[in-house]
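I have placed the structure first, in the form of structure tokens, so that the comments after it can refer back to it.
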Amino acid sequence: MLVNRTANSEFGAGSAEPYKLESNETVGLTLANAKALGGLGTSSFPVGNCEAACESSIAFNSSYAYDYNRADGINANQLDFIGIATHEIGHALGFISSVDTLDIKANTGTFLDGGRIHALSLDLFRYSALSKTKDVIDLTADERDKFFSIDGSDRLTGPQFSTGMYFGDGNQASHWKDRSPLLGIMDPNVGYGQLLEIRENDLIAMDVIGWDRANPIAPIPEPSTYALMGLGLAALALRRRIAGKGR
């Protein structure tokens with residue numbers, strides 16, 4: 001993999017210059033993703049806001065106004081609750097990147113040992129033009145374009161990922177690229193009145209990290225069948241930016 005901003009970078013501690021790391025053979029998974037692949041079951045300890053063992057935890061900010069009825073669109077002064085819940089469940093299922101850890105740590109001046117940077121399942125499909133020349137994935141925190149490629153194609157023309165809150169494009173790397181053509185429900189930001197939808201890119205990403213894709217795109221179910229699930233599940237420990245534009 002390509003990394004940067006590490007304590008033991010060959011270009012000096014914390015250097016932004018990418019370098020190739022070859023000694024790391026560990027891949028990280030969320031608990032839910034591991035379970036989908038036939039590995040770990042539920043956690044043996046509370047996670048986030050869970051009072052008992054669970055795979056993940058979601059908390060919603062009560063200072064925002066939410067629209068719970070998608071049937072008539074989203075009110076201009078409210079946020080799409082079901083869409084946001086679905087987005088957060090996507091993180092719990094494995095739509096995350098270890099680039100965020102690198103980016104956040106480097107911002108505090110706490111540089112990670114390169115050998116402790118573990119690619120997460122979705123990171124195995126994260127490339128850049130530079131990483132392709134070296135035949136590796138790209139886990140750097142910088143502003144260069146990072147692409148989602150399921151076959152490591154030399155033509156990197158597919159969906160792009162966000163590149164980092166601090167050293168990248170201003171959005172957490174565990175999302176699609178913001179302000180590009182609408183890529184899917186894992187967009188980093190949501191606006192008031194915006195209806196969030198699962199799209200083809202979301203389904204492909206979930207498919208390649210281990211989840212079975214049963215059917216083509218279908219509408220997100222209405223609150224009567226979905227909301228209670230969204231309230232009970234939860235996102236990862238990292239705070240997500242899916243709240244409102246500018247947050």
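In this structure, is D178 out of contact with any Leu (no Cβ under 9 Å at 6 or more places or on another chain), without any contact (Cβ under 8 Å) to a residue 24 or more places away in the chain and within 24 Å of A36 (Cβ to Cβ)? Judged against the criteria, D178 is not a match. Among the criteria (1) closer than 25 Å to A34 by Cβ; (2) out of contact with any Pro (no Cβ under 6 Å at 6 or more places or on another chain), the one F148 does not fulfil is (2). Can you confirm whether region 27-43 contains a residue that is loosely packed, with under 13 Cβ neighbours inside 10 Å, more than 18 Å from the chain's Cα centre (by Cα), among the hydroxyl-bearing types (S, T, Y) and not in a helix (DSSP H, G or I)? The answer is no; no qualifying residue exists. If I ask for residues that are within 20 Å of the chain's Cα centre (by Cα) and of a type outside the set (S, T, Y), which ones from region 113-133 would you list? Those that are within 20 Å of the chain's Cα centre (by Cα) and of a type outside the set (S, T, Y): R116, I117, H118, A119, L120, L122, D123, L124, F125, R126.
Mind checking whether some residue in region 85-107 is hydroxyl-bearing (S, T, Y) and surrounded by fewer than 16 Cβ atoms within 10 Å (Cβ to Cβ)? The answer is no, given that none of the residues of region 85-107 is hydroxyl-bearing (S, T, Y) and surrounded by fewer than 16 Cβ atoms within 10 Å (Cβ to Cβ). Anything in region 181-203 that is part of a loop (DSSP other than H, G, I, E, B) and of a type in the set (D, E)? List them, or say none. Matches in region 181-203: D187, E197. The residues of region 113-132 that are modelled with pLDDT of 90 or more and either among the acidic types (D, E) or more than 24 Å from A92 (Cα to Cα) (or both), listed by number, are D113, D123, S128, A129, L130, S131, K132. Can you tell me which residues in region 124-146 are touching a Ser or Thr at 6+ places or on another chain (Cβ under 9 Å) and over 19 Å from A16 (Cα atoms)? Hit for region 124-146 is F125, nothing else. Among the candidates G168, G210, the residue that is part of a loop (DSSP other than H, G, I, E, B), closer than 16 Å to Y127 by Cβ and among the small types (G, A, S) is uniquely G168. Taken as a whole, region 101-110 holds no residue that is within 27 Å of A34 (Cα to Cα) and not in a helix (DSSP H, G or I).
The values are calculated or read from the model by the stated rules, or taken from the named source; none is laboratory data. Everything numeric here is computed off the predicted structure, so don't read it as measured data. A quick note on method: Cβ atoms are made from the backbone with ideal geometry, for glycine too, and the neighbour counts reach across all protein chains shown.
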